[in-house]
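Take a look at the structure set out below.
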Amino acid sequence: MTSRFLALHLPHFATDRIRRAERGLSPDWPLAVWAAQGSRRLLAAVDAAAGAAGLRPGQPLADAQAMLPALLLRQSDLIGEAQALAELALWARRYTPLAAADPPDGLLLDVTGCAHLHGGEAPLLEEAMGRLRHAGIAARGAIAGAAATAGALARARSDNPIAVSGTEAAVAGPLPVGLALRLPPAMLQSLASLGLHQVHALAGLPRGPLARRFGQDLLDRLDAVVGRRPSPIQPALPPPELSAAREMVEPIVTRSGIDAVLDRLLDELCDRLRTAGVGVRQLTLLAWRVDGAVQEVAIGTGQPMREAAHLRRLFATRLERLEPGLGFERMALEARATQPMTAGMQPGLAIGSRTEEADAELALAQLLDRLGQRLRVRRVAPRASHWLDHAVAALDPQTCPPPMPEGWAAPAWPVLRLRRPQPLEVAAALPDAMPALLHWGGRTHRLRRLEGPLRLEAEWWRAQPGQARRDYYRVELDSGLRLWLCRAEGRWTLHGHLP
């Protein structure tokens with residue numbers, strides 16, 4: 001299949017972004033963005049009204065204010081512009097999973113095999129530009145068989161052309177070098193001094209002398225624009241392995257409407273998973289708002305799953321994070337990670353005595369998935385250490401832990417170890433004597449029984465310089481509560497609770 005690329009050029013993106021953020025600005029007021037270059041302040045971008053008044057990027061700020069006293073000014077924010085362009089690339093994934101930002105003011109979309117979903121390339125191009133204009137972002141577009149050619153056409157022409165694949169050199173030839181190749185100003189001046197203003201003038205020169213004088217980068221850009229050299233795009237997100245999407249006739253704003261669309265998407269996606277013989281491990285729900293914002297909610301599963309009912313339960317609590325605003329006009333489910341499913345992973349497909357075991361494993365995996373949406377779930381694995389806080393390792397809940405070695409858990413260990421030991425105040429008859437009273441939890445407790453000490457030192461390979469040894473005690477309070485206390489360097493702390 002022949003590759004096809006759609007390029008969108010946003011000529012006033014810097015000022016359009018400001019107008020979208022500051023809703024109170026009148027569209028009739030000219031707006032410009034300035035940036036500091038050393039000690040000078042220059043215009044970095046102007047909107048259509050400012051451009052019509054004769055202002056241009058690179059002009060000194062003082063001159064611009066003298067020419068147009070009513071000019072609104074905002075300081076350049078390159079980080080904000082880059083972030084906004086990246087968000088716009090995510091929005092463009094409504095047309096293709098292979099959508100990328102083309103800094104500083106463009107988008108590139110690989111629409112190979114996607115145009116027929118929108119009625120053809122011309123309707124697709126018109127729809128994309130229409131949605132951007134409706135969102136307050138000026139746009140020009142083009143479609144060609146090479147990404148660089150489409151980008152050059154979108155920047156240099158205003159008629160939104162659609163070039164036939166294989167004609168890249170012909171359609172790019174008349175384009176001005178500055179807009180088509182996006183070269184540094186110094187190089188453009190050198191080319192202009194030689195009378196090289198258009199792409200075909202460069203393409204007809206011997207490559208050796210051209211490379212020696214201007215460098216290989218010029219040839220690479222030229223080859224990309226005329227279709228001799230492929231220029232792959234870097235999509236905003238890796239394309240999903242499987243997906244399902246719905247366009248809304250009317251924007252949905254209620255939770256019941258979101259649930260209904262999610263049910264249909266899950267049923268469709270799970271059917272595709274079964275056909276492919278795989279289960280999903282990472283699933284993301286994307287929701288496009290009418291104002292152009294894209295929200296997402298993601299879930300993960302410990303084992304590959306394709307049961308719609310289970311996936312629906314995992315999404316139930318996460319959907320509260322969605323903020324419909326004026327409504328969602330499109331929703332999609334994307335399987336970001338899948339895994340082949342064997343017979344043992346599918347209920348009812350095991351043979352003989354394996355059936356009940358497989359169903360039990362599946363039920364446990366689903367339970368851990370549901371708990372993982374609300375709690376931090378971990379399995380415990382043993383680790384050789386005298387100190388309890390070093391003797392336990394946390395594993396993924398779906399991981400099969402190694403067997404517990406015989407004698408691993410010492411009889412003196414507590415059944416509940418505190419994550420952070422709590423300092424205690426004790427009272428004793430003599431400074432080094434065993435305590436008789438314990439102040440803890442806002443109350444003073446009398447010790448009924450005390451066993452210890454159990455002296456433990458850190459292993460030599462974990463010991464830190466100056467690390468104190470620990471004396472552990474098993475105590476019983478007059479209330480019957482049994483605690484696991486530690487004494488180190490004269491300080492008492494509560495480390496856990498005993499059965």
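Of ILE299, ILE258, ILE233, ILE252, which residue is of a type in the set (Val, Ile, Thr) and either out of contact with any helix residue (DSSP H, G or I) (no Cβ under 8 Å at 6 or more places or on another chain) or assigned by TED's automatic domain parsing to the domain that holds ALA135 (or both)?
The match here is ILE233.
Does ARG93 qualify as being assigned to a helix (DSSP H, G or I), open to solvent by 70 Å² or more (accessible area, probe 1.4 Å) and charged (D, E, K, R)?
The answer is no for ARG93.
If we keep just the residues of region 204-224 that are of a type in the set (A, V, I, L, M, F, W, C) and touching a residue at least 12 places away in the same chain (Cβ under 8 Å), which is farthest from ALA180 (Cα to Cα)?
The residue in question is PHE214.
Restrict the check to region 259-268 and report whether at least one residue is part of a strand (DSSP E or B) and in contact (Cβ under 8 Å) with a residue 40 or more places away in the chain.
no
List, please: which pairs have Cβ atoms under 8 Å, are six or more places apart or on different chains, and start with a residue in region 422-447 that is assigned by TED's automatic domain parsing to the domain that holds ASP478 and end with one that is modelled with pLDDT of 85 or more and open to solvent by 100 Å² or more (accessible area, probe 1.4 Å)?
Listed by first residue and then by second, the contacts come to PRO423/ARG491; ALA436/ARG446; LEU437/ARG446; LEU438/GLU425; LEU438/ARG446; HIS439/GLU425; TRP440/GLU425.
Just checking, how many residues over region 250-262 are surrounded by 13 or more Cβ atoms within 10 Å (Cβ to Cβ) and of a type in the set (Asp, Glu)?
1
Of the conditions (1) open to solvent by 50 Å² or more (accessible area, probe 1.4 Å); (2) at pLDDT 75 or above; (3) in a helix (DSSP H, G or I); (4) not β-branched (Val, Ile, Thr), GLU361 satisfies every one except a single condition; which number is it?
Checking GLU361 against (1) open to solvent by 50 Å² or more (accessible area, probe 1.4 Å); (2) at pLDDT 75 or above; (3) in a helix (DSSP H, G or I); (4) not β-branched (Val, Ile, Thr), the one that fails is (2).
Out of region 420-469, which residues are aromatic (Phe, Trp, Tyr) and exposed (fewer than 12 other Cβ atoms within 10 Å of the Cβ)?
Within region 420-469, TRP460, TRP461 qualify.
So, in region 135-171, how many residues would count as being open to solvent by 40 Å² or more (accessible area, probe 1.4 Å), in a loop (DSSP other than H, G, I, E, B) and of a type in the set (A, V, I, L, M)?
Total meeting the criteria: 1.
Within region 453-499, how many residues turn out to be in contact with a Lys or Arg (Cβ under 6 Å, 6 or more places away or on another chain) and small (Gly, Ala, Ser)?
So the count comes out to 2.
Run down PRO174, PRO230, PRO209 and say which single residue is surrounded by fewer than 16 Cβ atoms within 10 Å (Cβ to Cβ), in a helix (DSSP H, G or I) and out of contact with any Pro (no Cβ under 8 Å at 6 or more places or on another chain).
Only one candidate passes the filter, namely PRO209.
State all residues of region 28-56 that are in contact with a Lys or Arg (Cβ under 7 Å, 6 or more places away or on another chain) and not aliphatic (A, V, I, L, M); if no residue qualifies, say none.
Across region 28-56, the qualifying residue is only TRP34.
Working carefully through the options ARG330, ARG336, find the one that is more than 30 Å from HIS134 (Cα to Cα), at pLDDT 90 or above and part of a strand (DSSP E or B).
Only one candidate qualifies: ARG336.
The values are calculated or read from the model by the stated rules, or taken from the named source; none is laboratory data. Being a predicted model, the structure only gives us computed values, none of them experimental. Because the Cβ atoms are built from the backbone with ideal geometry, glycine has one as well, and the counts that use them run over all protein chains shown. The accessibility values were calculated without ligands, DNA or RNA, using every heavy atom of the protein model including side chains. Shrake-Rupley method; radii C 1.70, N 1.55, O 1.52, S 1.80 Å.
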